[in-house]
Amino acid sequence: MNALMLVDLQNDFMPGGALAVAEGDRVVPIANRLMPRFDVVVATQDWHPAGHCSFASQHPGKSPGDVVNLGGVQQVLWPDHCVQGSTGAELHRELNQAEIDHVVHKGTDAGIDSYSDFYDNQRIRATGLTDYLRKRGVTDVYVMGLATDYCVKYTALDAVEDGFHTLLIKDGCRGVNLKPGDVEAAVSAMAAAGVQLVESRNFAQDV
Ligand code: VGL
Ligand code: ZN
């Protein structure tokens, strides 16, 4: 069984959003085209309480892009984004939500960030996604979405670690690139960890 993971296709990561990813909206039609071909479709939402620890606004004197140490983990600070219940946290309105089987909310703990859809950044808590996928008999996990150099990367790395055959749909992702080259480095790190790189156009009618 295969699963398509749609990572954070939310308004705040789209052009004009609070944490806009360049061309983020370009991947939505790819998601719509691919969803019917998969056994299981999972969408994730970054879902922060107001005042979340990853917001630069919570760290006096700091700006988005600065890095702080939080509980022994390096934390990049971001503009306030994906606050629970806000318009920015909603999935893009053109995403065909009828095709989504399961939604995962992450980053819900005010004191710990969570880039991966599986575990928080301190690896204290699991979202339950591994159990869900195993119960559904999923062996192959295809990952696409936003952002390549953060949530997509850590999601793909954890999928490998939890024993799934993991594939990255490269043209279905866009990245933040805080530093030039971050996206390429993220793709290389995923490939080195065993993630197979694929392009959506190479898909046959069925995966
Ligand atoms: C993300 C930064 C902060 C992501 C989430 O979805 O990649 N990036 N929160
Ligand atoms: Zn976030």
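For this structure, a couple of remarks:
- Accessible surface of His92, taken over heavy atoms with a 1.4 Å probe and every protein chain present, rounds to 20 Å².
- Residues of the chain: accessible area per residue with a 1.4 Å probe, Å²: 44
- 0 to 90° range, to nearest 10: angle between helix 182-192 axis and the chain longest Cα axis: 50
- Assigned charges on the beta-carbon of Lys, Arg, Asp, Glu; the range 1-78 dipole about Cα centre (debye): 80
- The range 141-207 - Rg over Rh from alpha carbon coordinates, Kirkwood radius: 0.96
- Using only side-chain charges placed at the Cβ, +1 for Lys and Arg and -1 for Asp and Glu, the dipole size of the range 71-116 relative to its Cα centre rounds to 100 debye.
- Karplus (6.51, -1.76, 1.60) ³J(HN,Hα), θ = phi - 60°, over the range 103-112, in Hz, Gly and Pro reported as x: 10, 10, 9, 9, x, 7, 8, 4, x, 9
- Here r is the Cβ-Cβ distance between Gln196 and Glu90 and R0 is 25 Å; the resulting FRET efficiency, rounded to 0.05, is 0.20.
- Vicinal HN-Hα couplings computed from phi for the range 78-92 (Karplus, 6.51 cos²θ - 1.76 cosθ + 1.60; Hz; Gly/Pro x): 10, x, 3, 7, 6, 6, 3, x, 7, 4, x, 8, 6, 5, 3
- Positive-pole candidate from Val76, Ala192, Thr148, dipole of the chain, charges at beta carbon: Ala192
- Across the range 106-207, the mean sequence separation of Cα contacts (distance under 8 Å, 6 or more residues apart), normalised by length, yields a relative contact order of 24 percent.
- Linear extension gain, Arg123 paired with Asp66, 0.36 nm per residue minus alpha-carbon span: 18.3 nm
- Over the residues of the chain, the helix contribution to mean residue ellipticity at 222 nm works out to -4500 deg cm²/dmol, using -39500 (n - 2.57) for each DSSP H run of at least 4.
- Counting only GluC sites (Glu not before Pro) that DSSP places in a loop and that have at most 16 other Cβ atoms within 10 Å, the longest clean stretch of the chain runs over 95-198.
- The fraction of accessible area contributed by carbon and sulfur in the chain is 48 percent, rounded to a whole number (1.4 Å probe; ligands and nucleic acids excluded).
- Val67 contributes an accessible area of around 80 Å² to the protein surface, as traced by a 1.4 Å probe with all chains present.
- Nearby aspartates and glutamates by direct alpha-carbon distance to Lys170 (threshold 19 angstrom, same-chain neighbours under 8 apart not counted): Asp8, Glu23, Asp25, Asp117, Asp140, Asp149, Asp158, Asp182, Glu184, Glu199, Asp206
- Taking amide H positions as modeled 1.01 Å from N, with prolines and chain starts lacking one, the residues under 5 Å from Val143 and 5 or more places away or on another chain are Met5, Leu167, Leu168, Ile169.
- Contact order for the chain, expressed relative to its length and based on alpha carbon pairs under 8 Å spaced 6+ residues apart, stands at 25 percent.
- Under 21 Å from Lys135, Cα to Cα: lysines that are on another chain or at least 8 residues apart: Lys106
- In a simple Cβ point-charge model (Lys, Arg +1; Asp, Glu -1; nothing else charged), the chain has a dipole of about 100 debye relative to its Cα centre.
- Residues whose amide H comes within less than 5 Å of that of Arg125, counting only those at least five positions distant or on another chain, are Asp120 (H built at 1.01 Å from N in the peptide plane).
The values are calculated or read from the model by the stated rules, or taken from the named source; none is laboratory data. Because the structure is a prediction, the values reported are computed rather than measured. Cβ sites come from the backbone with ideal geometry, for glycine too, and all protein chains shown count toward neighbours. Note: accessible area is taken over every heavy atom of the protein model, side chains too, but ligands, DNA and RNA are not part of it. Shrake-Rupley method; radii C 1.70, N 1.55, O 1.52, S 1.80 Å.
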